[in-house]
Amino acid sequence: MMLQIQNLTKDFGSLRAVDGVSFSVDKGEVLGFLGPNGAGKSTTMKMATGFLSPTSGTASICGHDILNAPLAAKRCIGYLPEGAPAYPDMTPESFLHFIADIRGIARGDRDALIAEVVRKVHIEHVMHQRIETLSKGYKRRVGLAQAILHDPQVLVMDEPTDGLDPNQKHEVRKLIRSMAKEKAIVLSTHILEEVEAVCTRAIIIARGRVLFDGTPEQLTSQGPIDEVFRRITTGDRTAA
Amino acid sequence: MRNIVSIAKRELGGYFSTPVAYVFLIVYLLLANGLTLFITRFYEREQADLLAFFTWHPWVYLFLVPAVTMRLWAEERRQGTIELLFTLPITLAESVVGKFLAAWAFTGIALLLTIPIWITVNVLGKPDNGVILSSYVGSFLMAGAYLAIGSVVSSSTKNQVIAFVVSAVLCLVFVLAGLPGVMDVLDWMPNVVLETLRSFSFLAHFESIQTGVIDLRDITFFLSLIATCLVVNAIVLDMKKAS
């Protein structure tokens with residue numbers, strides 16, 4: 001298993017944001033992480049990538065425990081945090097060089113590798129523009145470029161298509177599908193059509209708990225996907 | 001070590017990619033030189049030393065250094081880049097030290113740009129350059145202490161204004177700690193407390209270095225204050241990453 005989430009739990013004060021979430025993702029799988037806002041999707045991803053420390057439970061990435069061997073685990077992950085944060089006063093060019101530097105990519109390989117990723121996410125034209133001047137779509141793609149630069153085995157993306165126009169969404173999904181074979185991919189979304197479009201598996205969480213874990217087909221076989229989603233997330237737990 | 005350099009390089013590059021760095025450097029040079037020439041009357045004193053120049057440093061740093069550090073961590077929080085930084089394969093210590101060193105190097109650059117006044121005093125007279133050199137070292141160490149305090153404050157908020165004000169006040173406490181007037185007011189306190197306060201005084205340690213004697217105690221004071229602040233900085237970040 002490339003990514004294994006074991007019983008992750010996170011309390012913020014008296015609020016239990018994530019409650020015993022477990023799942024694993026193997027190479028070739030694209031896992032869609034679904035749930036209403038505030039369900040615990042982002043918190044789970046933040047724990048799996050080592051940003052937040054869990055109240056209990058752990059995650060292992062390519063066999064490296066995120067709590068005991070955080071650096072080894074982080075080397076195997078590409079992560080696109082929610083909102084695709086990037087340093088606003090840098091250009092994509094300098095930003096990607098910084099990431100390559102931190103990722104320990106050999107100096108000689110850097111330019112070629114960056115050029116390849118830049119081509120993949122189509123940001124050639126904005127490479128010398130400050131990131132703060134970029135549109136939402138370009139900013140998101142810079143974030144994607146950062147996440148896939150070191151060709152990670154595990155790719156975690158928090159709402160990768162949020163705020164993109166339909167054409168951009170199509171491009172990003174195409175990119176995800178093209179990488180699906182060699183990687184274990186987890187993406188969160190609240191767009192239901194996205195699950196059908198790119199995912200091989202779907203997990204629905206609400207109030208911090210996993211309520212459904214299966215294929216998109218299993219989900220759609222129970223009726224129109226948004227109705228199934230509503231039935232599962234609004235409390236009727238037997239529906240899953 | 002390599003990661004510290006990468007972090008520091010990015011941070012320092014960030015200063016110069018915005019007008020912030022240039023505004024800071026210009027204001028710093030205007031203030032440092034202006035105060036020296038017009039208030040402490042560098043020329044009229046007719047003394048071949050830079051006492052009139054270094055006297056101002058604790059006060060100039062008081063509000064310029066918090067201006068450098070206010071964005072150090074607060075901005076990472078506000079932009080959400082803190083999440084990016086802490087999911088990259090680097091340790092917390094590396095990013096804390098890297099960012100601090102960048103800020104320190106920046107104040108070092110500002111200090112280096114004051115070299116014309118050193119040249120001036122050498123042209124006009126025969127100053128004791130050993131004293132001047134140790135004053136520069138002292139000033140740089142003191143700037144580091146201000147920076148470390150500002151860095152801690154910046155790590156605990158995402159509001160730059162709060163970071164600025166709180167850092168300036170905290171640094172002021174360290175400056176005032178040794179002033180005779182302040183110590184007189186606190187005269188009623190037990191001697192132990194007064195001595196402890198005095199030993200934390202930036203002014204006392206800086207003045208001691210300015211005499212030209214680089215005392216290990218003064219250096220240890222500034223360096224251990226920096227180290228302590230950076231440890232606290234890391235703890236604060238670790239405790240409240242998300243908020």
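Laboratory data are not the source of any read-out in this text; all were calculated from the coordinates shown. Since the model is a prediction, treat every value here as computed from it, not as a measurement. Note: ideal-geometry Cβ built from the backbone for every residue, glycine included; neighbour counts use all protein chains shown.
Considering every Cα-Cα pair within the range A:177-234, what fraction, in whole percent, is farther apart than 14 Å? Walk me through the intermediate numbers first.
On the way: 906 of 1653 pairs.
Value for the range A:177-234 (Cα pairs over 14 Å): 55 percent.
Got the relative contact order for the range B:2-242 handy, in percent, Cα pairs under 8 Å and 6 or more residues apart? Mind dumping the intermediate values first?
Values: 275 pairs, mean separation 64.7, N = 241.
Relative contact order comes out at 27 percent.
Please report how far the C-alpha centroid of the range B:123-146 lies from that of the range B:212-242, rounded to the nearest whole angstrom. That distance is 22 Å.
Karplus-based coupling profile of the range A:181-188, in residue order and whole Hz: 5, 9, 10, 9, 10, 10, 9, 9, with θ = phi - 60° in 6.51 cos²θ - 1.76 cosθ + 1.60 and x standing for Gly or Pro. Springs between Cα atoms under 10 Å define the GNM used for chain B, and in it the highest mean-square fluctuation of B:Gly150, B:Gly125, B:Gly178 occurs at B:Gly125.
Rg and Dmax of the range A:82-151, both derived from C-alpha coordinates alone, stand at 10.9, 31 Å. For chain B, the spread of Cα coordinates along the three principal axes comes to 57, 47, 31 Å, biggest extent given first. Quick one: among B:Met183, B:Met142, B:Met70, which has the greatest mean-square fluctuation in a GNM of chain B with alpha-carbon springs under 10 angstrom? In the Gaussian network model the winner is B:Met183. Relative to the longest principal axis of the Cα atoms of chain B, helix B:19-34 runs at roughly 20 degrees. Applying the Karplus relation 6.51 cos²θ - 1.76 cosθ + 1.60 with θ = phi - 60° to the range B:157-163 yields 3J(HN,Hα) values of 8, 10, 9, 5, 5, 4, 4 Hz, where x marks Gly and Pro. Pairs of Cα atoms nearer than 8 Å and 6+ residues apart set the relative contact order; for the range A:82-151 it is 51 percent.
Cα-based values for the range A:21-91, radius of gyration first and Dmax second, are 13.4, 39 Å. Skipping prolines and chain starts, which residues have an amide H placed within reach, meaning under 5 Å, of the one on A:Leu80, given they are 5 or more residues away or on another chain? Distant-sequence amide H within range of A:Leu80: A:Val156, A:Met157, A:Asp158.
Ellipsoid semi-axes for chain A, based on the Cα gyration tensor and the rule √(5λ), read 30, 21, 16 Å when sorted largest first.
The relative contact order of chain A comes to 27 percent, based on Cα pairs under 8 Å that sit 6 or more residues apart.
Assigning unit charges at the beta carbon (Lys, Arg +1; Asp, Glu -1) and nothing else, what dipole magnitude in debye, to the nearest 20, does the protein assembly as shown show about its Cα centre?
On the way: 44 positive and 45 negative charges, 152 e Å.
Computed charge dipole of the protein assembly as shown: roughly 720 debye.
Eigenvalues of the alpha-carbon gyration tensor of the range B:1-145, scaled by 5 and square-rooted, set the equivalent ellipsoid semi-axes at 35, 15, 11 angstrom, largest first. Considering only B:Asn33, A:Ala100, A:Cys199, and ranking their Cα positions along the charge dipole of the protein assembly as shown that arises from unit charges at the beta-carbon of Lys, Arg, Asp and Glu, the one farthest toward the positive end is A:Cys199.
Sites listed here are chymotrypsin sites (Phe, Trp or Tyr not before Pro) in the range B:160-243 whose DSSP assignment is loop and whose Cβ has at most 15 other Cβ atoms within 10 Å: B:Trp188, B:Phe200. Ignoring lysines fewer than eight residues from B:Lys158 along the same chain, the ones with Cα atoms less than 25 angstrom from its Cα are A:Lys10, A:Lys41, A:Lys46, A:Lys136, A:Lys139, B:Lys9, B:Lys99, B:Lys240, B:Lys241. Other residues lying with their Cβ under 12 Å from the Cβ of A:Gln168 contribute a combined charge of +4, Lys and Arg counting +1, Asp and Glu -1. Toward the positive end of the charge dipole of the protein assembly as shown, with +1 on the Cβ of Lys and Arg and -1 on the Cβ of Asp and Glu, the farthest Cα among A:His190, B:Ala21, B:Ile132 is that of A:His190. When the P(r) is computed for the range B:106-214, the part past 20 Å accounts for 55% of the Cα-Cα pairs. Calculated on the Cα set of the range A:138-240, radius of gyration then Dmax: 14.6, 42 Å.
How large, in Å, is the range A:1-135 by the Kirkwood hydrodynamic radius built from its alpha-carbon pairs?
Details: mean 1/r = 0.0592 Å⁻¹.
Every distinct Cα pair counted, the radius reaches 16.9 Å.
Cα convex hull, the protein assembly as shown: 171 Å³ per residue, rounded to a whole number. Could you work out which residue, out of A:Gln168, A:Gln146, A:Gln222, moves most in a Gaussian network model of chain A, that is, has the largest mean-square fluctuation with Cα springs under 10 Å? In this elastic network of chain A, the residue with the biggest mean-square fluctuation among A:Gln168, A:Gln146, A:Gln222 is A:Gln222.
Report the Rg/Rh value for the range B:66-120, based on alpha-carbon coordinates and the Kirkwood definition of Rh.
In the range B:66-120, Rg relative to Rh is 1.16.
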